Ligand SMILES: CC(C)(COP(=O)(O)OP(=O)(O)OC[C@H]1O[C@@H](n2cnc3c(N)ncnc32)[C@H](O)[C@@H]1OP(=O)(O)O)[C@@H](O)C(=O)NCCC(=O)NCCS
């Protein structure tokens, strides 16, 4: 059984090593592309890593904020992660963006769903956010199915958004409204 906990800035380098290993699967046979990055550039970009770490210390609601949760197995290894972050646009502080991944050896065991549930509980009840948005490569069927199963709806698609390694990829937008009243109603019904 894995535990899910918030990542601290002190653990960031350990997390970055996990993330780079995770990204090394991008575009591989069997996994396919899940990030808009070339097969030959499958590392988390250094400038983004700095902003990622800095965002963990920014107050929720302020520009650039980010929070990360990791699932750890019994030996403390990272089995999966999820992060929520601010939109770049102003006047969108009631919304956030989601990113996530599950380690190649830990998939299809329900961990993706548990991570989404954990992050959305925090977003709704602790951060008082109203919407979670995300963007996903349209070819990433496992991820899209996971999001649909967890209450996200497709909001649109940009055809041929990326040209990566000579292939065109469309980009799907998805959103979920966090509605405490509706949750309470569902709990009564089920
Ligand atoms: C997309 C991703 C996060 C899904 O994580 P996951 O932990 O495998 O997700 P879940 O286990 O909750 O669900 C995945 C599938 O396993 C199935 N599953 C869940 N629990 C299961 C169990 N106990 N036994 C068998 N199958 C199970 C689910 O029904 C689902 O099936 P489906 O894809 O046919 O709908 C993971 O595949 C991943 O990290 N991919 C690469 C990175 C990525 O795509 N990130 C998202 C970028 S936007």
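Bear in mind that the values in this text are calculations on the coordinates, not laboratory data. This structure is a prediction, so every number in the text was calculated from the model and none was measured. Backbone-built Cβ (ideal geometry, glycine too); neighbour counts: all protein chains shown.
For residue 38 and residue 89, calculate 0.36 nm times their separation in residues minus their Cα-Cα distance, and state this gained length in nm to one decimal.
Numbers: separation 51, 0.36 × 51 = 18.36 nm, distance 2.66 nm.
Answer, rounded to one decimal: 15.7 nm.
Relative contact order of segment 3-134, please, whole-number percent, based on alpha carbon pairs below 8 angstrom and at least 6 residues apart. Mind showing how you got there, number by number?
On the way: 194 pairs, mean separation 26.7, N = 132.
That works out to 20 percent.
Per the Kirkwood treatment, what hydrodynamic radius in Å, one decimal, follows for segment 24-67 from the mean inverse distance over all distinct Cα pairs? Before the final figure, lay out each step's value.
Working: mean 1/r = 0.0829 Å⁻¹.
About 12.1 Å, per the Kirkwood formula over Cα pairs.
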Hey, could you grab the Kirkwood Rh for the chain? Inverse mean 1/r over distinct alpha carbon pairs, Å, one decimal. 17.4
Among 175, 3, which comes first, second and so on when ranked by fewest other beta-carbon atoms within 10 Å? 3, 175
Using a 7 Å offset from Cα along Cα-Cβ at residue 128, what residues in segment 59-99 end up with backbone N under 16 Å from the label point? 59-62, 92-96
Computed [θ] at 222 nm, helices only, for the chain once each DSSP H run of length n ≥ 4 contributes -39500 (n - 2.57): -8000 deg cm²/dmol
Gain in length, residue 177 to residue 12, computed as 0.36 nm per residue apart minus the alpha-carbon separation, to one decimal in nm? 56.4 nm
I want to verify a result. In a Gaussian network model of the chain, Cα cutoff 10 Å, which of these has the top mean-square fluctuation: 69, 122, 131? 122
Share of Cα-Cα pairs in segment 73-146 beyond 18 Å, whole percent, is 46
